[in-house]
Amino acid sequence: MDDSRDMFGDTPPWKDENEGSPSAAELEAAGQSALFGGEPAAAPAAPVQPETPPAAKVAPAAAPTAAPAPAQPYRVLARKYRPQTFAELIGQEAMVQTLANAIRRDRLAHAFLMTGVRGVGKTSTARLIAKALNCIGPDGTGGPTIDPCGVCEPCTAIAEGRHIDVIEMDAASHTGVDDVREIIEAVRYAAVSARYKIYIIDEVHMLSRNAFNALLKTLEEPPAHVKFLFATTEVDKLPVTVLSRCQRFDLRRIPTAMLAEHFARICVKEGVEAEDEALAMVASAAEGSVRDGLSILDQAIAHADLDGEGRVRAAQVRDMLGLSDKSAQRKLLAAILEGDGPGLLDLVAHQFALGVEPIALMRGIMDLAHRVTVAQVSGGAADAPSAEERAAIEGWAGSLKAGQLHRLWQLLLKGHEEVKSAPDPLVAAQMALLRVMHAADMPDPGTLARRIEELASRAPSPDMAGQAAVPAAAPVAQAAPRWAALVEQVEHHHEHVAASVMRMQVRVIELAPGLLRYAQPPGFKEDIAPVLRAALAKATGERWQVERAAGEGAPTLVEQDEARQAADAEAVRRSPLVEATFAAFPHAELVGEDRQAAHGGNRNWRR
């Protein structure tokens with residue numbers, strides 16, 4: 001048995017116990033010599049080991065120190081706090097209740113469509129549904145449940161994204177028919193280890209038209225073991241044929257207050273202190289998106305760590321987001337309402353120097369005007385994080401009228417659009433705010449109408465000169481009805497030139513059957529008797545004696561019309577309502593329906 005002593009750990013007789021194996025340096029030198037033909041380097045002399053006392057040989061070697069575990073890479077808050085149960089999914093109670101009832105009653109649809117804005121939990125909801133349908137419980141005997149255990153093999157595999165029967169596909173990078181064809185061919189086979197084979201297709205609206213058409217039949221009548229879960233932000237781009245085959249859930253934006261509470265809980269878990277106002281700013285900037293809010297909160301925590309205290313402060317969040325200071329917003333609105341132009345410009349310049357963008361400045365004032373309006377309408381406590389801001393909002397809500405607030409909002413909204421499209425946003429913001437300031441003290445149309453009515457009721461009665469103007473023109477209008485009838489008769493016989501001459505140049509001195517004696521207005525010297533004689537003879541069938549005589553005569557028909565119009569205009573001008581209007585607007589101008597303004601002939605007048 002001496003030849004087999006190595007079976008028990010002893011060294012065989014042909015192996016020298018003191019013979020050393022080649023070191024790494026010797027192997028490297030041998031490789032270099034083989035490659036380049038050099039002499040192999042001499043092996044380094046083995047170090048002389050000091051003689052060890054017998055006692056030291058018996059003592060066991062010290063146990064090696066355990067190496068520290070490698071540090072886990074940092075996970076952003078949006079991934080770290082992704083909902084793992086439906087209880088952690090905030091703001092979607094209606095959808096959770098519908099799914100819970102469907103699972104309890106075994107009325108599960110074969111296709112679900114989750115739609116909504118970014119970051120409200122569409123993909124997370126799809127994964128939670130996959131867990132709920134495939135959970136088997138801690139003991140392995142459970143069925144579909146709205147509260148998956150999270151510890152069974154399907155739950156853990158789905159949470160880690162490695163379950164073989166839960167296939168997640170990004171439609172943005174797999175848009176063609178070939179990608180859908182792979183799904184169609186795979187649905188024929190049963191699930192490998194889960195209860196259901198689930199296909200999660202994210203951004204499903206990115207599929208091509210042919211891909212949608214290829215999926216329709218399978219989507220309408222899939223095998224019993226297959227469930228489709230779609231997620232999209234643009235549901236209007238999906239064909240109606242796909243929408244009609246899915247059970248649709250519209251995920252809502254998360255309210256700002258709920259987001260702030262959610263962020264506060266996360267800060268507690270992370271061991272970070274945060275001011276309530278700072279969390280409210282983060283929640284407001286998230287615009288209803290949990291993912292956007294967590295990304296901003298992650299940045300705010302990192303920004304706060306540089307301060308040394310590790311506390312998320314409102315001032316730091318405001319600087320990070322480029323928001324205008326709340327107190328500065330109140331000062332700006334106060335300057336607008338008080339008409340303080342220099343102070344307004346100084347405040348805008350100061351905010352711009354601090355890094356606040358003009359568009360953010362306009363948005364902040366608009367938000368403040370909106371909260372003042374809401375506080376005025378609701379009559380309750382103002383929505384404000386601080387007592388100082390709440391008092392200011394409630395004060396403006398009590399002192400300003402509804403018409404002023406609505407006009408303020410319209411002017412700010414117009415200014416916001418101008419700032420957004422202007423080549424120099426700062427200049428546009430200054431001009432827009434100055435315009436709002438000058439228009440803030442103007443009365444609204446209802447107040448202006450009441451003021452005009454009050455002035456009209458107190459105005460004196462029209463003087464007698466205006467009343468005498470109409471009777472003065474009345475005899476002229478009554479003295480010439482026969483001459484006006486003759487002119488119309490001449491015009492009826494198509495003597496338009498003669499009729500025009502009769503209207504403009506004939507001042508009747510004497511008019512009788514067959515006799516016309518007339519005078520002409522200043523500036524007319526031509527002999528019109530032959531024209532009048534021929535026209536009257538043709539119109540009446542009689543011979544006329546037409547003579548030009550000395551004297552004034554009655555005004556021409558044109559002069560009578562002008563006198564009548566002047567009298568009407570004077571009567572309108574002397575009416576109490578118009579006089580009150582001119583008193584309120586001294587530079588106003590009265591424009592008739594059939595003429596333009598005297599000094600604005602090229603204006604586009606609106607009546």
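Going through segment 346-359 one residue at a time, which ones are surrounded by 15 or more Cβ atoms within 10 Å (Cβ to Cβ) and not in a loop (DSSP other than H, G, I, E, B)?
First, the residues of segment 346-359 that are surrounded by 15 or more Cβ atoms within 10 Å (Cβ to Cβ): 347-348, 351-352, 356-359.
The answer is Leu347, Val348, Gln351, Phe352, Pro358, Ile359.
Among the conditions (1) at pLDDT 70 or above; (2) surrounded by 11 or more Cβ atoms within 10 Å (Cβ to Cβ); (3) not β-branched (Val, Ile, Thr), His492 misses just one, which is (2).
Would you confirm, using the coordinates I've provided, whether Arg482 is charged (D, E, K, R), modelled with pLDDT under 85 and either open to solvent by less than 60 Å² (accessible area, probe 1.4 Å) or more than 15 Å from Ala529 (Cβ to Cβ) (or both)?
Values: charged (D, E, K, R): yes; modelled with pLDDT under 85: yes; either open to solvent by less than 60 Å² (accessible area, probe 1.4 Å) or more than 15 Å from Ala529 (Cβ to Cβ) (or both): yes.
Yes; evaluated as a whole, the condition is true for this residue.
So, Val166, is that one surrounded by 17 or more Cβ atoms within 10 Å (Cβ to Cβ) and of a type outside the set (Ser, Thr, Tyr) or not? So Val166 passes the test. In this entry, Ala278 is excluded by the filter for residues that are part of a helix (DSSP H, G or I), open to solvent by less than 40 Å² (accessible area, probe 1.4 Å) and modelled with pLDDT of 90 or more. The set of residues in segment 431-457 that are modelled with pLDDT under 70, surrounded by 13 or more Cβ atoms within 10 Å (Cβ to Cβ) and charged (D, E, K, R) contains only Asp444. Per the listing Glu220, Glu261, the residue uniquely open to solvent by 70 Å² or more (accessible area, probe 1.4 Å) and farther than 26 Å from Ile183 by Cα is Glu261. Quick check on segment 393-401. Is at least one of its residues modelled with pLDDT of 85 or more and in contact with an Asp or Glu (Cβ under 6 Å, 6 or more places away or on another chain)? Among the residues of segment 393-401, not one is modelled with pLDDT of 85 or more and in contact with an Asp or Glu (Cβ under 6 Å, 6 or more places away or on another chain), which makes the answer no.
Within segment 570-607, if we keep just the residues that are of a type in the set (Gly, Ala, Ser) and either part of a loop (DSSP other than H, G, I, E, B) or open to solvent by 50 Å² or more (accessible area, probe 1.4 Å) (or both), the residue that is modelled with the highest pLDDT turns out to be Ala571.
Among the conditions (1) of a type outside the set (Asp, Glu); (2) out of contact with any strand residue (DSSP E or B) (no Cβ under 6 Å at 6 or more places or on another chain); (3) open to solvent by less than 70 Å² (accessible area, probe 1.4 Å), the only one that Val187 does not satisfy is (2). For segment 537-563, a residue qualifies if it is assigned to a helix (DSSP H, G or I), more than 17 Å from Pro521 (Cβ to Cβ) and touching a residue at least 24 places away in the same chain (Cβ under 8 Å), and the qualifying residues are Lys538, Ala539, Thr540.
The values are calculated or read from the model by the stated rules, or taken from the named source; none is laboratory data. Since this is a predicted model, take the numbers as computed values, not measurements. Positions of Cβ are backbone-derived with ideal geometry, glycine not excepted, and every protein chain shown enters the neighbour counts. SASA here: full protein model, heavy atoms, side chains in, ligands and nucleic acids out. Shrake-Rupley method; radii C 1.70, N 1.55, O 1.52, S 1.80 Å.
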